[in-house]
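Data block below; observations after.
The values are calculated or read from the model by the stated rules, or taken from the named source; none is laboratory data. Nothing here was measured: the structure is a model prediction, and the numbers come from that model. Positions of Cβ are backbone-derived with ideal geometry, glycine not excepted, and every protein chain shown enters the neighbour counts.
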Amino acid sequence: MRLITAGEVRKLLPMHVCINLVEKYFHEKHRVDFQTPQRIVSQIPEKDAVWLFMPAYSNKLQRLAVKIVNEYKRNPKLYNLPKALGILLLFDSEKGVPIALIDSVELTAIRTGALSGVATKYMARQNVEVVTLIGSGIQAWTQLEAVDTIRRISKVYVYSVTKANREEFAKKAAEVFDFEINAVDNPGVYAKESDLIIAATNSATPVLYGRWISEGVHVNSIGVLPNRRELEDDVIGRASKIVADVKDSVLREAGDIIHAIKNNVITRDKIIELEDLVVRGLGRRENEREVTLFKSVGFAAIDLYTASYVYSRSLESNIGRDVEFRTT
């Protein structure tokens, strides 16, 4: 069985490659024939923790994956550990043999960024330069990396609740990216002058408000779980086009979308799938003034598809290592 660490995932799946891979997935989706049972979500309230179990299978690829990821909000403070931890198990579905154990936090962050990158390609204005980023974790990093891959970003404002976190994020980003980046105290002021806004948080209450949004802005939001809301209803209501990575999942799991529908801000029919955006051209930007929104909650088929690529590249490039999982 192949062991592939977070650092190795980054080497094997750079953002520009993953963005192309995500587009390819949507064009190949029906031919490859993915089966994705509904994910299992298990809460552990006394630990302020949540676990997600996400299986996917493809007969064409002869691969089956099970991603197990968790979030323990107290980890950084109590144990100096990341909030999110997890693994992805990849199997040869022809024989039932486990073939890889992959760090799923890094894989998830990259593919989630890539999904937003693809949406940004078709929904954001071509002249996007200024970005407001709300969030400072690993997902915020890959979201920013993705939009910088798709558009020529010149300036970024980053905000998160903890001042030290946003300042550390800005410091690290300044060393990696070519654009100017500033940690800010009041995201609303800077969101108003932004061409693109990213919400990458685990907030239970809105972090982005309709009054902050200017004409022509595109919003990427990746908050997930029914009890979480990154977006105020007015953000959703102002969007002329709303695209979801998987519509049924977003309707079931994205708390801000659930809330907006419940309050009659939008109807279910307004939401378009990312596949329709990429393959059929639905939901693409039509003018410079409209507000557009992409909402992502993730899905297991894209985990399987990207994990299969990472595994194959690992063998080709001799990155990763083999362990004897079972001896006779």
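Observations on the model:
- Residue within region 126-137 that is out of contact with any Lys or Arg (no Cβ under 8 Å at 6 or more places or on another chain) and of a type in the set (Gly, Ala, Ser) present: yes
- One residue stands out in region 171-186 among those that are in a helix (DSSP H, G or I) and of a type outside the set (Gly, Ala, Ser): the one that is surrounded by the fewest Cβ atoms within 10 Å (Cβ to Cβ), namely Glu175.
- Against the numbered list (1) in contact with a helix residue (DSSP H, G or I) (Cβ under 7 Å, 6 or more places away or on another chain); (2) in contact (Cβ under 8 Å) with a residue 60 or more places away in the chain; (3) closer than 24 Å to Leu107 by Cα, Thr201 comes up short only at (1).
- Any chance Tyr159 is among the aromatic types (Phe, Trp, Tyr) and surrounded by 18 or more Cβ atoms within 10 Å (Cβ to Cβ): yes
- Residues of region 216-235 satisfying the condition of being part of a loop (DSSP other than H, G, I, E, B), closer than 20 Å to Ala124 by Cβ and not charged (D, E, K, R): Gly216, Val217, Ile222, Gly223
- Any hit, region 263-283, residues being under 15 Å from the mean Cα position of the chain (by Cα) and either more than 30 Å from Asp233 (Cβ to Cβ) or in contact (Cβ under 8 Å) with a residue 40 or more places away in the chain (or both): yes
- Note on region 72-91: residues that are touching a residue at least 40 places away in the same chain (Cβ under 8 Å) and buried (at least 19 other Cβ atoms within 10 Å of the Cβ) total 3.
- Exclusive hit being touching a residue at least 60 places away in the same chain (Cβ under 8 Å) and either closer than 18 Å to Leu13 by Cβ or not assigned by TED's automatic domain parsing to the domain that holds Gly223 (or both), set Glu129, Glu106, Glu94: Glu106
- As a summary of the residue check, Lys73 satisfies the conditions (1) more than 24 Å from Asn202 (Cα to Cα); (2) more than 18 Å from the chain's Cα centre (by Cα); (3) charged (D, E, K, R) except for the one numbered (1).
- Unique residue being surrounded by 17 or more Cβ atoms within 10 Å (Cβ to Cβ), in a loop (DSSP other than H, G, I, E, B) and either assigned by TED's automatic domain parsing to the domain that holds Gly117 or in contact with a Gly (Cβ under 7 Å, 6 or more places away or on another chain) (or both) when the list is Val265, Val250: Val265
- Answer from Ser194, Ser221 - the residue that is touching a residue at least 24 places away in the same chain (Cβ under 8 Å) and under 21 Å from Ile138 (Cα atoms): Ser221
A quick yes/no check of all residues on (1) under 21 Å from Met123 (Cα atoms); (2) part of a helix (DSSP H, G or I):
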| site | (1), (2) |
| --- | --- |
| Glu168 | no, yes |
| Gly188 | no, yes |
| Asn202 | no, no |
| Pro206 | no, no |
| Ser214 | yes, no |
| Gly237 | yes, yes |
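- Count of region 42-65 residues which are among the polar types (S, T, N, Q) and surrounded by 13 or more Cβ atoms within 10 Å (Cβ to Cβ): 3
- Some residue of region 55-65 being in contact with a Leu (Cβ under 7 Å, 6 or more places away or on another chain), closer than 16 Å to Tyr309 by Cβ, basic (Lys, Arg) and not assigned by TED's automatic domain parsing to the domain that holds Ile222: yes
- The test for being out of contact with any strand residue (DSSP E or B) (no Cβ under 7 Å at 6 or more places or on another chain) and under 27 Å from Leu13 (Cα atoms) does not hold for Thr267.
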